[in-house]
Amino acid sequence: MSVASIQSDRLGANPFVVEGPIVSGSGIPGPNFSLGAVAGGDRESEWVYCQLVLASQTTLQPGQWFQWTRDYVASLLTTAAAVVGQRCGVFSGAAQPPTLTGGPVGAITLAPGTYYIWLQRNGQAPSQVATATAALVVAEPPATAGQASAPASATATTKAIANVNFAAANQTFTATTVNGSNLLTSLSSLNAGSGPFIGAAVSGTGISGGTTISGITYSPNGVVQSITLSANATANGSGITITATGVLEATLMRPFLSKVN
């Protein structure tokens with residue numbers, strides 16, 4: 001996953017945060033940047049500043065797909081709501097929680113209201129994927145809001161997402177498990193920029209069905225130190241092969257909804 005390094009031309013740290021809810025007349029300034037402003041980071045990454053209006057409490061997860069209008073009003077991407085010609089990208093995580101719950105580069109739960117968020121349109125990023133095949137060259141918005149699909153061939157009547165591809169249909173790595181603990185440690189075969197990512201489903205010896213990644217800790221130089229699971233391991237093990245699916249590494253090249261298949 002790419003890391004944001006700047007948000008503006010100002011010197012100093014500019015952490016990516018979700019801004020809001022912005023209430024007219026409250027005295028809280030917003031937005032803090034011009035809609036459509038672009039920020040850069042490492043690995044050719046770019047983010048776009050967009051408005052997001054939520055009618056109900058919503059949890060944003062790293063890798064969720066959004067589309068946005070030419071006025072930079074964003075909405076979760078779905079097959080039914082996809083508009084040919086609109087640009088799209090992913091939410092790659094909240095830097096800190098402005099309301100309810102959240103965490104560093106993780107999921108965030110937002111109350112109804114108007115928000116301003118940074119959506120990634122270029123570089124390496126997490127991508128929530130409903131289905132993935134070995135081809136990984138076809139991308140489509142499926143029925144589930146915020147996900148993408150990577151079928152072996154284009155699905156008739158479904159809109160196509162151009163300029164995105166996926167590194168693999170899943171990711172495997174090795175780890176140590178401890179019975180009754182939700183931490184995976186002694187990790188190997190991992191690259192911090194390539195995942196695994198928060199929200200991915202994991203399987204392996206001693207891992208209960210339906211377990212997902214709920215947190216990841218890194219060393220100061222970006223090495224993955226441990227992974228927190230949504231459920232405790234049921235056995236002790238070392239060098240256990242873990243398979244992560246559902247949130248894949250994607251390469252974004254300013255994707256857009258190109259056509260109806």
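The values are calculated or read from the model by the stated rules, or taken from the named source; none is laboratory data. As the structure is a prediction and not an experimental result, all values here were calculated from the model. All Cβ positions, even for glycine, are placed from backbone atoms using ideal geometry, and neighbour counts span all protein chains on display. Quick note on the areas: whole protein, heavy atoms, side chains included, nothing else; ligands and nucleic acids left out. Shrake-Rupley method; radii C 1.70, N 1.55, O 1.52, S 1.80 Å.
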statement: Largest-first ranking of Asp42, Asp71 by accessible area, probe 1.4 Å, whole protein assembly kept, is Asp71, Asp42
Cβ-defined net charge surrounding Ala167, 13 Å radius [Lys, Arg +1; Asp, Glu -1]: 0
- line: Length gained, Ala168-Thr59, 0.36 nm per residue minus C-alpha separation, equals 36.6 nm
field: Formal net charge of residues neighbouring Gly36 (Cβ-Cβ distance under 14 Å; K, R +1; D, E -1)
entry: +2
message: Can you tell me the length gained on complete extension of the stretch Val178 to Gln225, counting 0.36 nm per residue apart and subtracting the Cα distance?
response: 15.4 nm
- request: Arrange the residues Val38, Val202 by how much accessible surface each exposes, largest first, with a 1.4 angstrom probe.
  value: Val38, Val202
field: Gain on full stretching of the segment that runs from Ser26 to Ser194 - 0.36 nm per residue minus C-alpha separation
entry: 56.4 nm
- request: Express in whole angstrom the spacing between the alpha-carbon centres of the stretch 153-212 and the stretch 59-84.
  value: 23
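Please find the FRET efficiency linking Thr243 to Val73, where r is the Cβ-Cβ separation and R0 is fixed at 45 Å, and quote it to the nearest 0.05.
Details: r = 38 Å, r/R0 = 0.84.
That pair, Thr243 with Val73, gives E of 0.75.
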For the chain, the longest site-free run once trypsin sites (Lys or Arg not before Pro) in DSSP loop states with at most 11 other Cβ atoms within 10 Å are removed: 71-261
query: Rounded to a whole number, what % of the accessible area of the chain do carbon and sulfur atoms account for, probe 1.4 Å?
result: 53
query: Taking Rh as the Kirkwood radius computed over C-alpha pairs, what is the Stokes-Einstein D of the chain at 37 °C in a medium of viscosity 0.692 mPa s, expressed in µm² per second?
result: 174
query: Counting pairs of alpha carbon atoms under 8 Å apart in space and at least six apart in sequence, what relative contact order in percent does the chain give?
result: 20
message: Which one, Thr176, Thr205, Val247, is farthest towards the positive end of the dipole of the chain when Lys and Arg carry +1 and Asp and Glu -1 on their Cβ?
response: Val247
